[in-house]
Amino acid sequence: MMDMRRINMLVVSTLLCIAGILGPAHNARAQNVIFADNFDDNAINTAIWTNWGNTVVETGQMMQVLTTVTDQGGHLKSKAFPIGCNGPITITRNV
């Protein structure tokens, strides 16, 4: 059974990890981009995306996941990429 001090340290380190992921960046550190696609070449990058169904296309700097056949809509899934508990994570998108 763990003593209370060890449990407190575990909780604090977990909260610090979560704060590092969800909290804002307070300093200008170099960015380590681990997943990105700006959809600027009108071709699905199969190194980072898996798609199936009807119809998934990249056009006009947008990824379009359409339903062109009844009950057989398009599907788009990113391939797995690593993230860790070592700093802020920023997710951006244009809509």
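Can you tell me which of 74-86, 57-69 comes out highest on packing, and rank the rest after it, using the mean Cβ neighbours within 10 Å?
Going by the mean number of other Cβ atoms within 10 Å, highest first, we get 57-69, 74-86.
Once you place label points 7 Å from the Cα toward the Cβ at THR59 and ALA47, how far apart are they in nm?
For the pair THR59/ALA47, the computed spacing is 2.6 nm.
Take THR90 and LYS77, extend 7 Å from each Cα along the Cα→Cβ direction, and tell me the distance between the two endpoints in nm.
According to this spin-label approximation, the distance is 3.0 nm.
Readers should treat all values here as calculations from the given coordinates under stated rules, not as data from a laboratory. Not measured: the values here are computed from a predicted model. Cβ: placed from backbone, ideal geometry, glycine included. Neighbour counts: every protein chain shown.
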